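Notes follow the structure.
The values are calculated or read from the model by the stated rules, or taken from the named source; none is laboratory data. These numbers come from a predicted model, not from an experiment. Cβ coordinates were reconstructed from backbone atoms using ideal geometry, including for glycine residues, and neighbour counts include every protein chain displayed.
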């Protein structure tokens, strides 16, 4: 398979997305702490490299299906901040008019088709989107994101098998953050590596350091090229770590503190930034410009969200069917 | 009359064939549906893959979640999938895809995405299949906002309703009764649509209204014949669509007759009959001549033994005595009052 190598421009664009996801997470935590917003928040802090390195290789017409811990996946795919924040705030100006919330965001113009709150359910639907593209003769790729915990639910096996049998243009990206809810990977999963399971479906499996932007880009490049060339699906297991526990407010009591400290000391975001400077891909001033622009956009998004109106109660009976049906 | 006669099974086959021919976006898939695998376990999809090709009429692994997931995704990708989940009980395996995703994606996306899928399934007691192949779960699906639930009783309705489900912009649960696949009736003219949510007055009457659907609607018609011999004139309404149900047609009929009996094969407690009974009681309380009655299966799993299964399955003999008794009790009441 062709494996692309990211050039300087790609790396800088990956960093711009990584910085956006990290700063968006900073802001979400700050706003939740301030009490200005209340929502269930599943931080993906620590996992930012994965969707950023993949999404720079996708077009708006390529699809993603993601999960409740998926705001990073959506932002990396081009979700606009104002509509995202308004949706998180449950406002009428949100992507879904405030009817989905942070666990159920959809934004088709950027290919963000489904966000599910059900573990494992991004994969069977991704297959259908990929099947439609294949029937249409398009070179559209569908990426299904999910966590290591989802590799133990039936939908994972059914979906990977069908994708392999039908040679669907899907990339299955497991963000292995070492915990499924509160339980460690090794306590729940017989296979040492999720990627090894690909072999049982006759599908290539890639085990990659999800915190390494170049390795992640190369894995994505191989999988996307395979999907576009009719070679069928790929399972990527991207190794990472979840810094903020399962859900915002989680006490992390089930985590080994030493493991968490070590992971946070190896935080991939400042490491990536330092590498861009060390390799003279970017200057401090140019990164500062990117980061300041993100902060300004976040300021605007939060204000846009909290100053937007709530949806009218009449929305309760809209969008259930195309044509309203009396209850 | 010269109208062509057909069977339920044949009507369904023709509806699928016509839908595939009319719209290249229609897909038919599920376990064993292609011709190489027999064209469906009972032949409902026979010949379809030969005509439309195995890309569009496709046999799948035995993976109900993957089948419905693929249907949802393909629908969002612009297709009109008709997914077959062989037996209604097997929907339990795919319930997350149906209830949490197909039903809700339009609402949760604020109307940005839609899931125009038809999920076909067979069911029904009477073939000694026991507890896991014969349940009627229409009330479970009707209880989920976002789904439409359809259950035809005649070949013409089967054709027209299936075509309407495939055209519909929302997910439809399409229930086929196994026992009545061989039921004969008039064939629908090619291309006919029967609108969803519209009931059919299958027989006009004065004294009581019997509301039913699927196989039991045919039993209600037989019951009406038996009641007519006793001088009781029953109006039979075949609901055709359980959700959304045709409230207007039912209220109109009951306003006329003043008596309502609802009959279905599903177990009686919490069945579709309860919703209809409650609505009619709310809307027509002062006009009812008798309490609303319901006929349904006893609250137990579908049994195997023929002695038990025949007692379980609702038929005309369950309907007639109840219709008769509440006619008697109301006439006695009228006598007491006079």
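Tabulated data for the structure shown
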item: Residue in the range A:233-256 that is out of contact with any strand residue (DSSP E or B) (no Cβ under 8 Å at 6 or more places or on another chain) and surrounded by 21 or more Cβ atoms within 10 Å (Cβ to Cβ) present; result: yes
item: Of all residues in the range B:46-63 being facing chain A (nearest Cβ under 8 Å) and surrounded by 22 or more Cβ atoms within 10 Å (Cβ to Cβ), the one that is nearest to residue B:23 (Cα to Cα); result: B:60
item: Residue within the range A:97-108 that is part of a helix (DSSP H, G or I) and within 9 Å of chain B (Cβ to nearest Cβ) present; result: yes
item: Verdict on residue B:185 being more than 26 Å from residue B:93 (Cα to Cα), touching a strand residue (DSSP E or B) at 6+ places or on another chain (Cβ under 8 Å) and crowded, with 18+ Cβ neighbours inside 10 Å; result: yes
item: Residues being more than 11 Å from chain A (Cβ to nearest Cβ), assigned to a loop (DSSP other than H, G, I, E, B) and on the phi < 0 side of the Ramachandran plot - total across the range B:25-45; result: 7
item: In the range B:190-249, residue nearest to the other protein chains (Cβ to nearest Cβ) [restricted to those that are assigned to a loop (DSSP other than H, G, I, E, B) and free of Cβ contacts under 8 Å to residues at least 40 places away in the same chain]; result: B:195
item: Index of the failed condition, residue B:141 passing every other in (1) in a helix (DSSP H, G or I); (2) within 13 Å of another protein chain (Cβ to nearest Cβ); result: (2)
item: Candidates A:67, A:118, filtered to the one that is away from chain B (no Cβ under 11 Å) and under 24 Å from residue B:67 (Cβ atoms); result: A:67
item: Hits in the range A:49-83 - residues which are assigned to a strand (DSSP E or B) and out of contact with any strand residue (DSSP E or B) (no Cβ under 9 Å at 6 or more places or on another chain); result: none
item: Residues of the range A:274-327 satisfying the condition of being assigned to a loop (DSSP other than H, G, I, E, B), under 27 Å from the mean Cα position of the chain (by Cα) and over 28 Å from residue A:85 (Cβ atoms); result: A:281
item: In the range B:76-95, the residues that are in contact (Cβ under 8 Å) with a residue 24 or more places away in the chain, at the interface with chain A (Cβ under 7 Å from one of its Cβ atoms) and surrounded by 21 or more Cβ atoms within 10 Å (Cβ to Cβ); result: B:76, B:79
item: Residue in the range B:124-136 that is over 30 Å from residue A:316 (Cα atoms), in contact (Cβ under 8 Å) with a residue 12 or more places away in the chain, buried (at least 23 other Cβ atoms within 10 Å of the Cβ) and assigned by TED's automatic domain parsing to the domain that holds residue B:262 present; result: no
item: Single match in A:290, A:320, A:281 (criterion: within 14 Å of another protein chain (Cβ to nearest Cβ) and either in contact (Cβ under 8 Å) with a residue 24 or more places away in the chain or out of contact with any strand residue (DSSP E or B) (no Cβ under 8 Å at 6 or more places or on another chain) (or both)); result: A:320
item: Matching residues in the range B:96-123 - criterion: being free of Cβ contacts under 8 Å to residues at least 12 places away in the same chain and either touching a helix residue (DSSP H, G or I) at 6+ places or on another chain (Cβ under 6 Å) or surrounded by 20 or more Cβ atoms within 10 Å (Cβ to Cβ) (or both); result: B:108, B:109, B:110, B:112
item: Unmet criterion (only one of (1) in contact (Cβ under 8 Å) with a residue 12 or more places away in the chain; (2) within 10 Å of chain B (Cβ to nearest Cβ); (3) assigned to a helix (DSSP H, G or I)) for residue A:128; result: (1)
item: Scope the range A:144-175; condition outside any helix (DSSP H, G or I) and either under 23 Å from residue A:246 (Cβ atoms) or within 11 Å of chain B (Cβ to nearest Cβ) (or both); matching residues; result: A:144, A:145, A:146, A:147, A:153, A:166, A:168, A:170, A:172, A:173, A:174, A:175
item: Out of B:72, B:98, sole residue that is modelled with pLDDT of 95 or more, under 28 Å from residue A:111 (Cβ atoms), assigned to a helix (DSSP H, G or I) and more than 7 Å from chain A (Cβ to nearest Cβ); result: B:98
